[in-house]
Each structure stands twice: as C-alpha cells, then as structure tokens.
Amino acid sequence: MDKKKILKERGFSLKSIPETKIKNKKNITEFNPEDGLMDEKKVGVALLECLVENDPESFIEILDSYLRVNRLQVAKNAKMSRSTVQQAFSKGGNPTLKTLAKIVHESTLKR
C-alpha cells in the first residue's frame, strides 16, 4: 500500500514579510493601540456596535482587552469561580450576560 503524500503548510510569520522602507516620514504618526482602550466612551461605542452587528467574538475581545485586570481578583470580588472568569474570556468561551455584567461591574468599581 502506497503512502499518502501530505502537504505540510508553512505557518504564517511576520518575520517572513519583507520590510518596507518609507521615504517621506513627515506625515506619519506613532500609533499605540492601547490608547483607544483608555477612552471609556470609545470602548462603549465599540461594544455597542458589536451588539448591533451581532458580533459576540469581537465584543468579548474588546472587553477582554479593555479590562486587563487580574482575573483572579475580579473573580473574588464578583464572588465567582476563577475558572468561570477564565472561561468567559477563552477562545471558545460563551459567557452569559449575567457573568459579563458581574465582571464589568467589579472591574469598574476598582478604577
């Protein structure tokens, strides 16, 4: 019986992308993605837009990035298990609205 040939795809790497030289750097400004996460109004608008567009994955990603808190401490403050908080923000997580509300409430109280 012949062996099947399996094509192994190479993983994507940013290192494999060639660097582009910019000649005129006059109109280029420094960009820090964390700056947008510091503005609660922008984050609120983004979260609302995710709900309107029925995009729960982006909602969780934005909320996870915004909170950036010690999940264990949030879990204790919200009287939830650490695994519940961890699972809420995992890749396959599907948190309930009640869980999200507790997490957001506890994290905003500490600010």
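We did not get these values from a lab; they are worked out from the coordinates using the rules stated. In this text, all values refer to a predicted model and were calculated from it rather than measured experimentally. So basically every Cβ, Gly included, is an ideal-geometry build from the backbone, and we count neighbours across all protein chains shown.
Dipole of segment 37-109 computed with +1 at Lys/Arg Cβ and -1 at Asp/Glu Cβ about the Cα centre; of ALA75, LEU48, ALA88, farthest Cα towards the positive end is ALA75. The Kirkwood hydrodynamic radius of segment 37-109, based on inverse pair distances between different Cα atoms, is 12.4 Å.
On the basis of the beta-carbon distance and an R0 of 41 Å, SER81 and THR29 show a calculated FRET efficiency of 0.40. At full extension, ASN54 and ILE17 could sit 10.0 nm farther apart than now, given 0.36 nm per residue minus the alpha carbon distance. Treating r as the C-beta distance of GLN73 and LYS42 and R0 as 30 Å, the FRET efficiency rounds to 0.75. Converting phi to 3J(HN,Hα) with the Karplus coefficients 6.51, -1.76 and 1.60 and the offset θ = phi - 60°, segment 76-84 yields 5, 5, 8, 6, 10, 6, 4, 5, 5 Hz in sequence order, with x at every glycine or proline. Annotation: amide H-H contacts under 5 Å for MET80 (H modelled 1.01 Å from N, sequence separation of 5 or more, or interchain): none.
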